[in-house]
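**Student:** Below you will find the structure I want to go over with you.
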Amino acid sequence: MSDGRSRQHPTERGISALGDAREPREPLSREPLSRDRIVEAALKIIDDEGVDALSMRRIAATLGVQAMSLYNHVDGKADVLDGVTEFITTDMHLSRRSGGGWEDGIRSVAYGFRQASLRHPRACELVLTLQLSSPGALPTINCSLAVLLDHGFDEAAAVHALRLLIAFQVGSLLREFHSPSTKGEDESAVRERRDHLARSGFPAVAKLAPMLAVIDHEAEFAFGVELLIDALRPYAPKQ
């Protein structure tokens with residue numbers, strides 16, 4: 001994080017279920033308290049229970065320390081959330097360089113963003129709802145713009161393409177986080193959804209009920225990425 005220590009992916013460390021957050025628990029380890037450890041604990045809480053469950057007292061209880069000791073390493077909850085956002089952005093492993101053309105660059109950014117988001121769906125909403133000018137959003141924005149500029153897109157087209165890609169990624173991921181998936185779903189649930197749509201009274205919906213009842217977020221994301229790439233081809237520099 002910002003103190004220069006190497007980042008490690010948060011791992012399960014045998015955290016028992018938390019009871020009253022006012023009582024400190026056993027520390028996750030004997031490591032000295034640091035910004036990295038605080039952010040790691042916060043990410044674990046958010047992953048398990050959502051952003052609303054996070055508080056400085058709850059982080060302290062998870063780490064087995066007093067809440068006031070956290071302030072020697074972070075400025076407060078907002079600073080911790082900034083650290084979580086920074087970690088997720090780094091976890092995307094985005095690179096402005098790709099072995100292929102701009103199409104491969106766009107795919108790399110899109111799928112890197114999605115994969116990191118799916119690893120931390122509750123925490124990643126912090127990234128998805130950032131303003132473009134926010135420090136946490138700038139690495140992803142810079143990477144996307146660099147892919148296009150490095151391959152000869154003009155500046156206006158690069159900015160329009162960036163905003164289009166952001167709108168697609170944010171919208172599709174928020175929908176995925178808040179809607180069901182049929183992967184591993186019982187067939188009876190799919191059948192019930194299909195029958196409900198077939199009886200909706202709307203002809204087009206009823207006709208396509210068997211397909212509408214099946215939700216494959218991965219396939220829909222891939223379809224959308226390729227459509228966006230095709231839509232950008234007229235703006236690409238001529239070879």
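The values are calculated or read from the model by the stated rules, or taken from the named source; none is laboratory data. From a predicted model like this one, the values you see are computed outputs, not experimental measurements. Here the Cβ positions follow ideal geometry from the backbone for every residue, glycine too, while neighbour counts run over all protein chains shown. Ligands, DNA and RNA are excluded from the accessible area calculation, which covers all protein heavy atoms including side chains. Shrake-Rupley method; radii C 1.70, N 1.55, O 1.52, S 1.80 Å.
**Student:** Need the failing condition index for LEU212 against (1) more than 22 Å from ALA146 (Cα to Cα); (2) in contact with a Ser or Thr (Cβ under 8 Å, 6 or more places away or on another chain), just the number.
**Tutor:** If we test LEU212 against (1) more than 22 Å from ALA146 (Cα to Cα); (2) in contact with a Ser or Thr (Cβ under 8 Å, 6 or more places away or on another chain), just (2) comes out false.
**Student:** Could you count how many residues in the stretch 143-187 are at pLDDT 85 or above and not aliphatic (A, V, I, L, M)?
**Tutor:** Number of matching residues: 16.
**Student:** Moving to a separate point now. Working only within the stretch 66-88, note down all residues that are over 23 Å from PRO139 (Cβ atoms) and of a type in the set (Phe, Trp, Tyr).
**Tutor:** Of everything in the stretch 66-88, just one residue is over 23 Å from PRO139 (Cβ atoms) and of a type in the set (Phe, Trp, Tyr), namely TYR71.
**Student:** Okay, moving on. Given the residues ALA17, ALA110, which is the only one that is crowded, with 18+ Cβ neighbours inside 10 Å and either in contact with a Leu (Cβ under 8 Å, 6 or more places away or on another chain) or at pLDDT below 90 (or both)?
**Tutor:** Answer to the selection: ALA110.
**Student:** Just checking, which of GLY171, GLY201, GLY152 is among the small types (Gly, Ala, Ser) and within 16 Å of ASP104 (Cα to Cα)?
**Tutor:** Exactly one of GLY171, GLY201, GLY152 is among the small types (Gly, Ala, Ser) and within 16 Å of ASP104 (Cα to Cα), namely GLY152.
**Student:** Could you check how many residues of the stretch 51-82 are in a helix (DSSP H, G or I), open to solvent by 40 Å² or more (accessible area, probe 1.4 Å) and of a type outside the set (A, V, I, L, M, F, W, C)?
**Tutor:** So the answer is 4.
**Student:** For the stretch 60-80, state whether one or more residues are within 26 Å of TYR111 (Cβ to Cβ) and either at pLDDT below 90 or within 23 Å of the chain's Cα centre (by Cα) (or both).
**Tutor:** no
**Student:** Looking at VAL205, VAL214, which one is without any contact (Cβ under 8 Å) to a residue 12 or more places away in the chain, within 30 Å of LEU165 (Cα to Cα) and open to solvent by less than 80 Å² (accessible area, probe 1.4 Å)?
**Tutor:** The conditions single out VAL205.
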